[in-house]
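A short worksheet on the structure shown next.
The values are calculated or read from the model by the stated rules, or taken from the named source; none is laboratory data. Only a predicted model underlies this, so the values are computations on that prediction, with no experimental measurement involved. Glycine also receives a Cβ, built like all others from the backbone with ideal geometry; neighbour counts cover every protein chain displayed.
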Ligand SMILES: N[C@@H](CCC(=O)N[C@@H](CS)C(=O)NCC(=O)O)C(=O)O
């Protein structure tokens with residue numbers, strides 16, 4: 001079957017998996033999952049019991065959740081393009097390490113900030129969380145700037161799936177005005193280069209519900225109901 005990526009809107013971390021699929025160029029479909037309404041529904045929990053996006057229905061009809069697992073799964077077909085590396089190689093370990101940092105420290109640095117936007121809170125508590133989140137986001141930006149070094153990509157002179165995942169998280173600064181990316185010149189330049197990438201433009205258009213032309217792999221959207229009906233052992 002043609003894989004289906006269940007991606008969350010608005011502005012989910014699934015963005016990186018959409019970019020990765022575009023870069024890989026193999027056939028795939030998308031299923032749009034509204035957050036928090038649909039992602040928390042009983043229907044979607046049949047795909048991912050945790051009630052989170054992304055999830056990937058694979059070619060051989062398995063469901064994988066968690067960005068790190070999805071990107072490593074996709075990476076197996078991206079080694080020839082240099083987007084990922086064979087497990088057991090130094091390249092794999094470097095990519096996995098970068099993905100893990102992005103998926104834990106970088107992703108989670110925004111969590112307190114999202115919480116303040118999504119919950120009614122007393123002003124003092126809100127300010128405390130915002131201060132904590134701002135410090136974490138700044139720290140993670142500082143660490144990533146060091147990791148990037150001369151770049152131009154996160155792993156050096158080769159674009160990898162870490163860059164795809166990075167851009168989906170890095171754009172969250174537009175919702176939380178806590179760092180000025182210009183003060184991290186390497187990251188700013190990486191961000192701008194990625195924003196200019198056709199796959200990233202495609203992923204933005206998809207998220208905004210606009211007509212989007214990808215590199216050729218995208219075969220259209222399927223509803224959650226249709227996707228569920230295609231999975232034989234659910
Ligand atoms: N550890 C998971 C985190 C996934 C996650 O938190 N997804 C968010 C969107 S970025 C989500 O689906 N949230 C559910 C909600 O908003 O109710 C991963 O890396 O895939």
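Things worth noting here:
- Of the helices (runs of 4 or more DSSP H) lying entirely inside the stretch 150-218, not one carries at least 3 residues that are in contact with a strand residue (DSSP E or B) (Cβ under 6 Å, 6 or more places away or on another chain) and in contact (Cβ under 8 Å) with a residue 60 or more places away in the chain.
- Breaking point among (1) buried (at least 18 other Cβ atoms within 10 Å of the Cβ); (2) within 15 Å of the ligand (Cβ to nearest atom), for residue 24: (2)
- Meets criteria (within 24 Å of residue 12 (Cβ to Cβ) and not assigned by TED's automatic domain parsing to the domain that holds residue 66) for residue 219: no
- Selected residue [within 9 Å of the ligand (Cβ to nearest atom), in contact with a helix residue (DSSP H, G or I) (Cβ under 8 Å, 6 or more places away or on another chain) and part of a helix (DSSP H, G or I)] from 18, 70: 70
- Qualifying residue in the stretch 77-88 (condition: away from the ligand (no atom under 16 Å from the Cβ), in a helix (DSSP H, G or I) and either under 14 Å from the mean Cα position of the chain (by Cα) or closer than 30 Å to residue 29 by Cβ (or both)): no
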